[in-house]
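Since the structure comes first, as structure tokens, the remarks are kept for the end.
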Amino acid sequence: MIGKSDDIIIKTIARIFVPFLQLYALYVIMHGHYSPGGGFQGGVILGASMALLLITHGYDELKRRLPEGVLLLLGSLGVLIYAGIGLLCLILGGNYLDYSQLSVILGVDAAHARSLGILGVELGVGFTVMAIMYSIFFDISTGGILPEDQRREGRVEGER
Amino acid sequence: MNIPFDIILQLFVVICAVAAITVRDLLSAVMILGAYSFFMCLMWAQLGAVDVAFTEASVSAGIGTILLVAAVLKTTRRTKD
């Protein structure tokens, strides 16, 4: 399933679709605080676009664009952003995730600081959800056996 | 005769739910489950819960279907019962 597709129509359609999908996902994340959507939905759409690239362009291409180390780093970076903003508010004297306390650092008034704070939290949620959704799909579709392991052992399984 | 829109949507939801658990082919069941999620999404939007509808469309109809298709391709396509 994660092999490269031979069909030129499928590959071309996927190559045209993926930038628009990712642009839409970024729009959903950035507008999460005043329209429907948010970090979770935008992250899911980003992960789905990565899954589309994986099933059409193959594992080798995706490994070059998004290595597993970067994936793990993104997944934990999102949690760090979320917890970091919350703890920053706690350090500045407010409650956990009380964004109005950020106005001291950002130099804006409290309402604007709330808007920027929730944008940061949405970005963190989006990173984590994208990385975890993509890696769940990757683990299910490979079954935990990577193509490079099979190549090293000298047995090449037929592409599904 | 004027049937309300939400009655039609509920009818589609029930039809999709019954079809998803009666069909023998598991890949077809996954596809019908995706259609079920889409009709649920339309129903949430019609009830005014746009954020829930968005989550239903992206998570359940989008990535949930992809994950189930991957799981079906790694296991078997026919049910035993």
- region B:19-36 residues that are under 17 Å from B:Leu67 (Cα atoms), paired with ones that are part of a loop (DSSP other than H, G, I, E, B) (beta carbon under 8 Å, 6 or more apart): B:Asp25/B:Arg77; B:Leu26/B:Thr76; B:Leu26/B:Arg77; B:Leu26/B:Thr79; B:Leu27/B:Arg77; B:Ala29/B:Val23; B:Ile32/B:Val23
- In region A:32-45, which residues are more than 10 Å from chain B (Cβ to nearest Cβ) and buried (at least 21 other Cβ atoms within 10 Å of the Cβ)? A:Gly39
- Note on the structure: Filter region B:16-32 for residues that are over 24 Å from B:Pro4 (Cα atoms) and touching a helix residue (DSSP H, G or I) at 6+ places or on another chain (Cβ under 8 Å); the one that is surrounded by the most Cβ atoms within 10 Å (Cβ to Cβ) is B:Val30
- Considering only chain B, give the helices (runs of 4 or more DSSP H) lying wholly within it that have at least 1 residues that are closer than 25 Å to A:Met133 by Cβ and more than 14 Å from every other protein chain (Cβ to nearest Cβ). B:5-22, B:26-47
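Taking the stated definitions as given, is A:Phe127 within 14 Å of chain B (Cβ to nearest Cβ) and hydrophobic (A, V, I, L, M, F, W, C)?
Here the answer is no, as A:Phe127 does not meet what is asked.
Out of contact with any Gly (no Cβ under 9 Å at 6 or more places or on another chain) and of a type in the set (Phe, Trp, Tyr): does that describe B:Phe54?
Values: out of contact with any Gly (no Cβ under 9 Å at 6 or more places or on another chain): no; of a type in the set (Phe, Trp, Tyr): yes.
No; evaluated as a whole, the condition is false for this residue.
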- Of the numbered conditions (1) within 30 Å of B:Gly64 (Cα to Cα); (2) of a type in the set (Ser, Thr, Tyr); (3) without any contact (Cβ under 8 Å) to a residue 24 or more places away in the chain, A:Ser141 satisfies every one except a single condition; which is it? (3)
- Item | The one condition in (1) of a type in the set (Val, Ile, Thr); (2) crowded, with 20+ Cβ neighbours inside 10 Å; (3) in contact (Cβ under 8 Å) with a residue 24 or more places away in the chain that B:Ile63 fails to fulfil | (3)
- Screening A:Ala48, A:Ala14, A:Ala25 for residues that are assigned to a helix (DSSP H, G or I) and either away from every other protein chain (no Cβ under 12 Å) or surrounded by fewer than 21 Cβ atoms within 10 Å (Cβ to Cβ) (or both) leaves only A:Ala14
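Among the candidates A:Ile55, A:Ile145, A:Ile85, A:Ile105, single out the residue that is in a loop (DSSP other than H, G, I, E, B), over 16 Å from the mean Cα position of the chain (by Cα) and not polar (S, T, N, Q). So that I can check it myself, show each step before the final result.
Values: A:Ile55 fails: in a loop (DSSP other than H, G, I, E, B); A:Ile85 fails: in a loop (DSSP other than H, G, I, E, B); A:Ile105 fails: in a loop (DSSP other than H, G, I, E, B).
A:Ile145 is the lone residue from the list that is in a loop (DSSP other than H, G, I, E, B), over 16 Å from the mean Cα position of the chain (by Cα) and not polar (S, T, N, Q).
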- Message: With surrounded by fewer than 19 Cβ atoms within 10 Å (Cβ to Cβ), modelled with pLDDT under 85 and polar (S, T, N, Q) as the only criterion, which of A:Ser76, A:Ser5 stands out?
- Response: A:Ser5
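Can B:Phe38 be described as surrounded by fewer than 12 Cβ atoms within 10 Å (Cβ to Cβ) and aromatic (Phe, Trp, Tyr)?
Numbers: surrounded by fewer than 12 Cβ atoms within 10 Å (Cβ to Cβ): no; aromatic (Phe, Trp, Tyr): yes.
No; evaluated as a whole, the condition is false for this residue.
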- Message: Yes or no: region A:108-115 includes at least one residue that is under 26 Å from B:Thr55 (Cβ atoms), in contact with a Phe, Trp or Tyr (Cβ under 7 Å, 6 or more places away or on another chain) and among the charged types (D, E, K, R).
- Response: yes
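The values are calculated or read from the model by the stated rules, or taken from the named source; none is laboratory data. Note that the structure is predicted; figures quoted are calculated from it, not measured. Positions of Cβ are generated from backbone atoms using ideal geometry, with glycine treated the same way; all protein chains shown enter the neighbour counts.
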